[in-house]
Amino acid sequence: MNVMDPVLPVAIGRLDNRGRLLDAEARLAELNERAGGRIGTPIAVPPIATIARLAQRLGIAISRSVIVADGEDDLDLWVRAEPEDGGIRLEISGWRARPAWHPPAAEPGRDSDFFRSAADWLWETDAALRITFLSVDAGSRYGFDSSALLGQPLTRLLSLAQDEEGNLPILTAVAAQARFDGQKAEIRGTGRSVRLEATPRIDAAGRFAGFVGGAYMLDPAPEPEADAPLPAPAAPFGGFPDSFSQRLDRALRAPLGKIIANADSISAQTDGPLRPDYAEYANDIASAGRHLLGLVDDLVDLQAIERPDFAPAAEAIDLADVARRAAGLLAVRAAQSDVRIDKPGLDERLPVTGEFRRTLQVLVNLIGNAVRYSPAGGMVWIRLERDGAMGCVIVADQGKGIAIEDQQRIFDKFGRVDPAEQGGSGLGLYIARLLARAMGGELQVDSAPGMGARFVFKLPLRDDGARTQA
């Protein structure tokens, strides 16, 4: 194939409603002939034919970047297909040659790419390297408390090791806002070693927003003694028997995690610049994956919480500290939505009794909803109060508010005020109220249309002589 100029004119072609090539400018016609097609027969270049069929089926213009095999070379093309006069009008641009694809075994570095292989567990951080996500079963398998580490620095979980040159790859990657691999670390308190790899997450303003990463265990799990019975598989929610929702969780969590990680990597453009609409497609895929993963979490959680013998732990916790952690976990989402979170000060304390993990879960739901329904430039307030024997955290927003007749419905299972509105599964507030009541507390709402919403989460005060500072 002849060497082509870096930028070549757009080649135009037309298909009829059966996908047959009616006419085409020379470059497109020649490519189609090399693929075995000709004028008057269905277009023979599969990626172009696929996009044309999609545009015809949907009745809208479709644009995609594709790679087309052309002899011993590959071509990078940008294909635009638009319904027109009962057929499809094609515009093919780009026309850049690239090295042909090789089998995976010949691709250096492919084995170290955690998005294309199976990491033992996944982790995410914000820009300050605070943990915002850990694989749900990682803690029980490798000896740490996943829920207690949310909102904590990554170094609270891992002791990072220097490489042969005395550097920490993760810190070098933070400075360069780049991908890294080969960061070795020890899981604190366990003596077990891991290797970390990650790709950066970039927010809507192009700023570094943290890492999406994978961890590979460097030492095998200890083998059980020969005469010892094998342990039963760990149940992720309080040791309840295996169930459909837990099997669903195991079946979907890993593939969804890989879909999200790959889509985030594409959206972050870590391997080079992309067309804005292509990066936006990847962002939409990641968002949809997170929505599905959230639904899986809710369904599995719901089965545990609705059991008659469900009993959250009665722990001594500081409601102010939990509220600050929940706000920290949602800081990136709030920044992307141009919403400010006004959280309790570091000097504020409110000692209550409740399970830390479940209290954090309730507050993440309340603050996440407040951010979702706040207008750009809006504010979410988090305030602390005492109400008799109860400690209260109040989450208030500047959203459109909730009508009185809808205020009970939002706490119903799968309850949504407007099912057509973008949002969660309709289980979040239902689960949050169940958890509040199971811990001896309550969850209430006070709102009016156009006046924002105010949610009050109450837990029993712990009488240790401490006082709330407000």
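Summarising the label geometry, the points placed 7 Å from Cα in the beta-carbon direction at Met379 and Asp85 lie 6.0 nm from one another. Here's the picture: a label point sits 7 Å out from the Cα of Asn17 along the beta-carbon direction, and within the range 39-62 the residues with their amide nitrogen under 16 Å of it are 53-60. Less than 5 angstrom separates the built amide H of Arg201 from those of Ala209, Gly210, Phe211, Val212, all sequence-distant by 5 or more or on a different chain. The modelled label-to-label distance between Ile60 and Asn283, using points 7 Å beyond Cα along the C-beta direction, is 1.7 nm. Loop-located GluC sites (Glu not before Pro) in the range 147-198 (DSSP state not H, G, I, E or B) with no more than 10 neighbouring Cβ atoms inside 10 Å: Glu164, Glu165. In this view, the solvent-accessible surface of Trp121, computed with a 1.4 Å probe and all protein chains in place, comes to about 0 Å². How much accessible surface does Thr190 have with a 1.4 Å probe, in Å² rounded to 10? Surface accessible to solvent at Thr190 totals approximately 50 Å².
Less than 5 angstrom separates the built amide H of Arg179 from none of the residues sequence-distant by 5 or more or on a different chain.
Under 18 Å from a label point set 7 Å out along the Cα-to-Cβ vector of Glu405, the amide N atoms of the range 423-464 belong to 447-451.
Database remark: amide H of Lys184 closer than 5 angstrom to the amide H of Ala161, Leu196 (H placed geometrically; neighbours at sequence offset of 5 or more, or on other chains; Pro and chain starts carry no H). Where in the range 330-344 does the label zone of Gln444 land, with the point 7 angstrom along Cα→C-beta and an amide N cut-off under 20 Å? Residues passing the 20 Å test: none.
Rounded to the nearest 10 square angstrom, Glu91 shows an accessible area of 60 square angstrom against a 1.4 Å probe.
The values are calculated or read from the model by the stated rules, or taken from the named source; none is laboratory data. From a predicted model like this one, the values you see are computed outputs, not experimental measurements. Neighbour counts run over all protein chains shown; Cβ positions are idealised from the backbone, glycine included. Only protein heavy atoms, including side chains, enter the accessible area calculation; ligands, DNA and RNA are left aside. Shrake-Rupley method; radii C 1.70, N 1.55, O 1.52, S 1.80 Å.
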